[in-house]
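Inspection log for the structure reproduced underneath, given as structure tokens.
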Amino acid sequence: MIQRLRHLTSLEHLNGACIERLLDRAITMRDACAYGTRKLDLLAGRTILNLFFEPSTRTRTSFELAARRLGADVINFDIGFSSTTKGEELFDTLHTLEAMHLDAIIVRHKQSGTPEELVRHAMSGVAVINAGDGNRAHPTQGLLDALTIRQHRPDFENLVVTICGDVKHSRVARSDVHMLTALGAKEVRLCGPAELMPAQEEFPRCRLYHDFDAAIAGADVAIMLRLQKERMAVVELPDEAAYFQHYGLDARRLATAAKGCLVMHPGPINRGIEIASEVADGAQSRILEQVGNGVFVRMAVLAEVMGR
Ligand code: NCD
């Protein structure tokens, strides 16, 4: 069944066909704007608000670029200079901004579930897109990861994907697992130290590992995750040198993965902690390609939720 999206808060309820359609649309966007050199006018006259309550480099910039390439006006709400610092409630901020007339809100918030809360409180006709909420979901990252994988390995049914690092605090891991499941990946392995791993019940279809050498063996895709210290209790933090020794992706470990294994990371990367520079900058790294794909995927999502 074709699902048309009014909002994008998570990938949980998107089937494979819907994800494929968004990826196809991202490719159309890429081709239509000739790799970003030309602007389209699909969203001319529309106003989009970037509402980021957490820091961001890639996601915020690429949403802004995506919106501008579609001809929309973008407002970047800078939390550090806003009335939120004076104690304004989230929904008062929302209604204040809405009164200026908005078509879409892109939100990032440390509290899981904030995008759904905004959907419930937003004026009808305003689309809400999740740019990352707590450790729960980061749907456009899941989509851009899907696009990056599909460009190299469209045969999802044969793919073994290893996601390694701070899985417990990772919204990227959760959205990637939904995406990989919907697209029919053969096997998804999650790996990390016990204190940074979720419970098996949360991921019934994934194989959980604590031994990275075992988890990376034969993998077609390796998605590395940052230690998300901002979401950790102090005691959880492993010693970084020991962490790299056990869970860092270096050339030796990459050599044990399947030939041509794609190396991915949502960024920001921490060199020498979860990934060695030789791998991050190596021939198999798709990290910058992920960033580039992020703009096209976000163009597709913006056009979709605004009904264009
Ligand atoms: C991720 C995020 O914010 O969830 N980054 C991103 O959006 N590219 C991952 C992270 O911060 O480690």
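The values are calculated or read from the model by the stated rules, or taken from the named source; none is laboratory data. All values reported here derive from a predicted model rather than from experimental measurement. Heads up, the Cβs are rebuilt from the backbone with ideal geometry, glycines too, and the neighbour counts pull from every protein chain shown. The area values use the complete protein model at the heavy-atom level, side chains included, leaving out ligands, DNA and RNA. Shrake-Rupley method; radii C 1.70, N 1.55, O 1.52, S 1.80 Å.
Structure values in brief
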{"read-out": "Selection status of D133, closer than 19 Å to D73 by Cα, acidic (D, E) and in contact with a strand residue (DSSP E or B) (Cβ under 8 Å, 6 or more places away or on another chain)", "value": "no"}
{"read-out": "Boolean, R150 is open to solvent by 10 Å² or more (accessible area, probe 1.4 Å), closer than 30 Å to I48 by Cα, within 15 Å of the ligand (Cβ to nearest atom) and outside any strand (DSSP E or B)", "value": "no"}
{"read-out": "Per-region count, region 167-192, residues within 16 Å of the ligand (Cβ to nearest atom) and of a type in the set (A, V, I, L, M)", "value": "6"}
{"read-out": "Matching entry among A127, A122, A72 (being away from the ligand (no atom under 16 Å from the Cβ) and open to solvent by 10 Å² or more (accessible area, probe 1.4 Å))", "value": "A122"}
{"read-out": "Close pairs from region 287-308: first part of a loop (DSSP other than H, G, I, E, B), partner at pLDDT below 95 and of a type in the set (S, T, N, Q), Cβ under 9 Å, at least 6 apart", "value": "none"}
{"read-out": "Residue check for P139: within 30 Å of G260 (Cβ to Cβ) and surrounded by 15 or more Cβ atoms within 10 Å (Cβ to Cβ)", "value": "yes"}
{"read-out": "Scan of region 284-299 for residues that are buried (at least 23 other Cβ atoms within 10 Å of the Cβ), among the β-branched types (V, I, T) and under 18 Å from D176 (Cβ atoms), ordered by number", "value": "V297"}
{"read-out": "Any chance T47 is open to solvent by 20 Å² or more (accessible area, probe 1.4 Å), of a type in the set (S, T, Y) and either within 16 Å of the ligand (Cβ to nearest atom) or closer than 22 Å to D133 by Cβ (or both)", "value": "no"}
{"read-out": "Which numbered condition G113 fails, given (1) within 30 Å of R253 (Cβ to Cβ); (2) in contact with a Gly (Cβ under 9 Å, 6 or more places away or on another chain); (3) surrounded by fewer than 22 Cβ atoms within 10 Å (Cβ to Cβ)", "value": "(1)"}
